[in-house]
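Colleague: Below is the structure I would like to discuss, written out as structure tokens.
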Amino acid sequence: MKIFILIKKFSDSMIKLSAYIGALALAIMSIAITYEVIFRYFFNSPTIWSSEVSRYCSVYILFMGLSYTLREKAHINIEIVTKYIPTKPRIFIKILTDCIGMALALLIIIEGWKMFYEAYDLSLKSMEVIRTPLAIPYFCIPWGGFWLAVQYMIQLSSNFQSLIRGET
């Protein structure tokens with residue numbers, strides 16, 4: 001049980017770090033877009049880099065925020081049916097949806113790792129002007145998927161404990 005607490009604490013800190021990285025990407029994207037708008041419309045001098053930076057930042061925002069959003073239970077839930085289901089079947093539904101989410105997270109890890117490794121191994125660069133090494137934006141895909149899977153495991157453990165204790 002002690003190891004579970006240590007894993008949960010470590011994963012919480014990594015999930016928080018991921019959220020901070022996603023927030024930083026949001027700030028960078030906002031600055032890049034604001035800079036582009038100002039220079040395009042007021043100085044008639046568009047940039048050549050802001051759209052590429054914004055695209056990569058949006059990928060980081062998404063994948064770095066997945067596990068944090070799950071941990072905070074901020075994903076979209078449709079409770080119109082489940083709120084009328086008794087406690088025990090509702091926990092089974094939570095376990096089922098967590099298993100489906102875990103499977104999708106594992107798919108994200110596997111496919112994201114393939115993309116990252118290929119980009120890293122072949123030193124792939126973007127076709128845009130700034131020639132960003134593609135391993136940089138691709139890294140966040142398996143990273144985000146891994147911490148999403150860890151958060152699903154924590155939720156599954158909690159739901160199984162609730163099932164055993166007969167809680168909601």
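The values are calculated or read from the model by the stated rules, or taken from the named source; none is laboratory data. Remember, it's a predicted structure, so these values are computed and weren't measured experimentally. Every residue, glycine as well, gets a Cβ built from its backbone with ideal geometry; the counts of neighbours run over all protein chains shown.
This table checks each residue for (1) surrounded by fewer than 15 Cβ atoms within 10 Å (Cβ to Cβ); (2) at pLDDT 95 or above; (3) in contact with a Pro (Cβ under 7 Å, 6 or more places away or on another chain); (4) farther than 15 Å from Ser58 by Cβ.
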residue	(1), (2), (3), (4)
Ser11	no, no, no, yes
Ile28	no, yes, no, no
Ile31	yes, yes, no, no
Ile38	yes, no, no, yes
Phe43	yes, no, no, yes
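Colleague: Those residues that are under 18 Å from Gln155 (Cβ atoms) and in contact with a Leu (Cβ under 9 Å, 6 or more places away or on another chain), I need them from the stretch 1-55; list them, please.
Modeller: Answer for the stretch 1-55, where residues must be under 18 Å from Gln155 (Cβ atoms) and in contact with a Leu (Cβ under 9 Å, 6 or more places away or on another chain): Ile15, Ser18.
Colleague: Give all pairs with beta carbons closer than 9 Å in which a residue from the stretch 51-75 that is surrounded by fewer than 21 Cβ atoms within 10 Å (Cβ to Cβ) meets a residue that is hydrophobic (A, V, I, L, M, F, W, C) and part of a loop (DSSP other than H, G, I, E, B); count only pairs at least 6 apart in sequence or on separate chains.
Modeller: Qualifying pairs under 9 Å: Glu52/Val129; Glu52/Ile130.
Colleague: Which one is modelled with the highest pLDDT among residues in the stretch 76-102 that are farther than 16 Å from Ser157 by Cα and surrounded by 11 or more Cβ atoms within 10 Å (Cβ to Cβ)?
Modeller: Top of the filtered list is Ile85.
Colleague: Next question, about the same structure. Which condition does Lys73 not pass, out of (1) within 27 Å of Ser13 (Cα to Cα); (2) part of a helix (DSSP H, G or I), if it passes all the others?
Modeller: (2)
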